[in-house]
Amino acid sequence: MLINAQKKVVREFRTNRANLLFATNVAEEGLDFQPCNIVVRFDSFENLPQYLQSRGRARRRQAIYGHLCEDGDEYNYMNKQLDKNRFCEDEILRFAQNHISQQEV
């Protein structure tokens, strides 16, 4: 897609003229969007920043954050994904607790 067409799509999404957007991982960090109701990853995140960026898009009240996986591989994929999610959530919690501890000193 040409850059002008990309800009038009992003503008329409930001102004609510479009309410559905399919994006590559470029949208994880490169674009600022309003809070979304539903975010679906087409691929697994590989690190904490990717998780934070994509999870952070689903920040409306009762938003849904999900992943697609290949048919027949749901169990293995979801177990791996849950482990990654737990790791990322634990890292966020540890960071917050350390930050609070440092503020109290």
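The values are calculated or read from the model by the stated rules, or taken from the named source; none is laboratory data. Just so it is clear, the model here is predicted, and its values are computed rather than measured. Neighbour counts run over all protein chains shown; Cβ positions are idealised from the backbone, glycine included. We work out accessible area using only protein heavy atoms, side chains counted, and drop any ligands, DNA or RNA first. Shrake-Rupley method; radii C 1.70, N 1.55, O 1.52, S 1.80 Å.
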Query - Pairs where the first residue, in the stretch 50-72, is free of Cβ contacts under 8 Å to residues at least 24 places away in the same chain and the second is open to solvent by less than 50 Å² (accessible area, probe 1.4 Å) and assigned to a loop (DSSP other than H, G, I, E, B), C-beta under 7 Å, 6+ apart - result: Ala58/Cys36
**Report entry** Unmet requirement for Cys36, which otherwise passes all of (1) in contact with a helix residue (DSSP H, G or I) (Cβ under 8 Å, 6 or more places away or on another chain); (2) part of a loop (DSSP other than H, G, I, E, B); (3) open to solvent by 100 Å² or more (accessible area, probe 1.4 Å)
**Finding:** (3)
Requested in this report: Kindly indicate which of Gln97, Gln53, Gln102 is over 30 Å from Val9 (Cα atoms) and at pLDDT below 85.
Outcome: Gln102
**Report entry** the stretch 14-33, subset open to solvent by 90 Å² or more (accessible area, probe 1.4 Å) and in a helix (DSSP H, G or I), residue farthest from Arg59 (Cα to Cα)
**Finding:** Val26
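Given the options Gly72, Gly30, Gly66, Gly56, name the one that is of a type in the set (Gly, Ala, Ser) and over 13 Å from the mean Cα position of the chain (by Cα).
Gly72
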Query raised in the report: Does Arg11 satisfy the condition of being assigned to a loop (DSSP other than H, G, I, E, B), surrounded by 11 or more Cβ atoms within 10 Å (Cβ to Cβ), at pLDDT 80 or above and among the basic types (Lys, Arg)?
Result: no
